[in-house]
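Where a number appears in this text, it was derived from the coordinates with a stated rule and is not lab data. Every value quoted in this text rests on a predicted model; they were computed, and no experiment measured them. A quick note on method: Cβ atoms are made from the backbone with ideal geometry, for glycine too, and the neighbour counts reach across all protein chains shown.
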Amino acid sequence: MKKFLFICFIFITTFITTFVFTLGKGKHIVVLDPGHGGSDSGIVIGGHIEKYIDLKLSEIIGEKLSKNENIKVIYTREGDVDDSIKSREIFANNGNGNLFVSIHCGSYLTDKNFGVVYLLNENDIDVSSADLLEGNIGDKTIKFFPFKIAGYYFLPKSENIATSMQNSLNSFYNSYLIKKPIHLKLRVLENIVMPGILIEVCNLNSESFTEDDKWYDSISDVISNEIIKFFSEQNKNE
Ligand SMILES: [Zn+2]
């Protein structure tokens, strides 16, 4: 029964997503996930406190995205509050998000400043093949993943935005240390029923990093433009 319910669940989600993208009428829902918050400050280094940067940048990205009439933005965290990963993913899934973007800062043992994009790694799927289900939608055979690893189901789409986002961050920082997005087992991306990426938007350990309005404005342009591009390319391909 559980498996049957899961198939129904994924089928309905796939149907809704396809329907919305095909018609291009419904709004694309972006879930912005500002990292940390409350008692969890994230990285604290050189006067920078990550939880505040994550929140402020998410708000600016959200404001820019909201100017696009086809996009609706929801936030997993508003204000300086503690939010568990579980509550973030429930919020994202209940909000019928079409894309999940978690905003963080990095800290690396180099003075260079750069951004890194993370996404799940298919090899980390912690489930036996017996748990994988197959079903048909029209003449297509589709594999269904159990809900506990739903994020892996959307990995190809996550890979599209992750690659493009990494390239744009590299151009922005004029740094090519990170050639490709990094695949990692990230708990916050595993249970979400939508494509998802986590961005470390800067290296807080770099002395060249300045947390000023100019930086917020230009990095938020890079990220919001990539999100808009992701949806417009999906509209073309669906
Ligand atoms: Zn973080």
Magnitude of the Cβ-charge dipole (Lys and Arg +1, Asp and Glu -1) of the stretch 66-119 about the Cα centre, nearest 20 debye, reported as 180
If unit charges are put on Cβ atoms (+1 for Lys and Arg, -1 for Asp and Glu) and the dipole of the stretch 30-237 is taken about its Cα centre, the option from G196, N235, F209 lying farthest towards the positive end turns out to be N235
Tell me, what HN-Hα J-couplings in whole Hz come from the Karplus equation 6.51 cos²θ - 1.76 cosθ + 1.60 at θ = phi - 60° for each residue of the stretch 63-71, using x for Gly and Pro? 4, 5, 5, 5, 6, 7, 5, 8, 10
In whole angstrom, the spacing between the Cα centers of the stretch 37-51 and the stretch 176-210 equals 17
Given a Förster distance of 35 Å, report the FRET efficiency between K214 and K236 from their Cβ-Cβ distance, rounded to the nearest 0.05. 0.60
Sorted by mean Cβ packing within 10 Å, highest first, what order do the peptides 99-105, 227-233 take? 99-105, 227-233
Only Cα pairs under 8 Å and at least 6 apart count here; give the relative contact order of the stretch 30-237 as a rounded whole percent. 29
For a quick check: with amide H placed at 1.01 Å from N, whose amide H comes under 5 Å from I182's, ignoring anything fewer than 5 positions away on the same chain? V117, Y118, L119
Using the Cα centre of the stretch 30-237 as the reference point, and only Cβ charges (+1 on K/R, -1 on D/E), how large is the resulting charge dipole? Debye, rounded to the nearest 20. 560
Amide H contacts of H28 (H built 1.01 Å from N, under 5 Å, at least 5 apart or other chain): I71, K72
Can you classify the stretch 30-237 as rounded, prolate or oblate using the Cα gyration tensor, where a ≥ b ≥ c are the square roots of its eigenvalues, rounded means a/c under 1.5, and otherwise it's prolate if a/b beats b/c and oblate if not? prolate
Skipping prolines and chain starts, which residues have an amide H placed within reach, meaning under 5 Å, of the one on C202, given they are 5 or more residues away or on another chain? G106, V116
What ³J(HN,Hα) values, in whole Hz, does the Karplus curve 6.51 cos²θ - 1.76 cosθ + 1.60 give for the stretch 83-94 when θ = phi - 60°, with x put for Gly and Pro? 9, 6, 4, 4, 5, 5, 6, 5, 4, 4, 5, 5
